[in-house]
Every structure is written in structure tokens, then in C-alpha cells.
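**Student:** Dropping the structure in here first, questions after.
None of the figures in this text is laboratory data; all of them are computed from the coordinates on show. The shown structure was predicted, so the numbers you read here are calculated from the model rather than taken from an experiment. Every residue, glycine as well, gets a Cβ built from its backbone with ideal geometry; the counts of neighbours run over all protein chains shown.
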Amino acid sequence: MNPPTAAPDTPASPMKALIAAYVVGIVGMALAVGLFWLAVRAVQARHLGSGWIFAGALVYGAAILGVTYAANRAGRRFGNTTPTPAARRYRRRFFVAMTAYVFTLMVSASLFAGVHPPPWLAWPLALAPAAAIIATIVVMGLYLSEETDELERAIVGESALWATGALLAIATTWGFLEQFGLVAHVEAWAVFPLWALCLGPASALVRRRYL
């Protein structure tokens, strides 16, 4: 998910920035997921210990963060934008929150796969990634409250509303299809990543209309 940016130094290219960020993000994520899947299969085939799964999970998490950073850089480069002070703070906080999310998710998944923790430990392990995602949502709210550029606030706010509307439409449609056994079940944790995917196109379209 690309952090918001300030008004452009030159005429903005929202679609070019969106395509660049999505190409880098999707290709990078696909490679990271594919390599991690192959690594897990190799560990399982050779009956290696859970430590190998944990190490692979950490490498996978670092790769995901690297891809996120690269996608953001690509979007900024092709979008010809200069971040405001609030946007720079947003990026720093967002990266910290996403780092916490990746780390807690990988640790929790590795422990559940390897040692099956007791209930007193299972609950905090399962809730830790959710807490990191909640922190990410708070970071986004802080950006809107701190941004002094009224046009930028309007663009980000309207983009978030369109992304929310798209998410509601997708979730409702999928829910009915799932109810009648036409599609597979999707876990609830996928809601935020799906909203983030909807936010990209919404931001590009809204920014193009304003700028």
C-alpha cells in the first residue's frame, strides 16, 4: 500500500505511479511467496526442525518489507511527488507498524506450526499480528489529522471512502457466492489487505480527477 504524497512538483502521473508500484509490488510479492513455499516444502521433505521454518519465515518477512519499500519508491519516482512533513512521518510510522506485523506474523505462524503453544500463549501469539494491523490503521488516521494540505487531505479521505465502498461491494458479493457454495471461503484477516489493494486504484483515480 503506497503512503500518501504531497502536491506534485510537476504534473502528476497517478496512473503511471500506480502501475509502477503495482508491478514492483505484485512481482516481488509473488517471487517472495513462491520462494518461501519452495523452502517450506524442502524443509518438510527433509524432515528438518522447526528452527529452519522460523529462519525461512524471517527471511520471507524481510523480503516482504523490502518489496513494500521498493514499490513505494517506484510509485514516488513515477508520480513526481514530494512528501509533506506529515507524509514523511506517516511513512516512518507505517514502516514500523508493518515491520511489527511481519515479525509477529512470522513468529506466530512458525511457533504454531512447530511447537503448538499452550492456550495461555496461543492467544497473545494469535492477537499480536492483529495488534500490528490495528496500529497501521491508527497511523493512517494520524496522517489525516496531521496533514495541513487541505487538498491532500480531501484526496486521501475520498480515496479511503471509495476503497471502503469497493471492499463492502466485494465482501457482500463474495459472501453470497460463498453462501451458495460457488466460491471458496476467505478468512476474515484478508479484509485489510483487500482494502489496501482497493485503495491503490481509488487513490490514482481520485488524484487524477483533482490534479
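**Student:** Among the residues of segment 137-188, how many are free of Cβ contacts under 8 Å to residues at least 60 places away in the same chain and either assigned to a helix (DSSP H, G or I) or within 26 Å of residue 208 (Cβ to Cβ) (or both)?
**Tutor:** Selection size over segment 137-188: 35.
**Student:** I would also like to ask the following. Take residue 130 and tell me if it is assigned to a helix (DSSP H, G or I), closer than 28 Å to residue 83 by Cα and of a type outside the set (Asp, Glu).
**Tutor:** It is false that residue 130 is assigned to a helix (DSSP H, G or I), closer than 28 Å to residue 83 by Cα and of a type outside the set (Asp, Glu).
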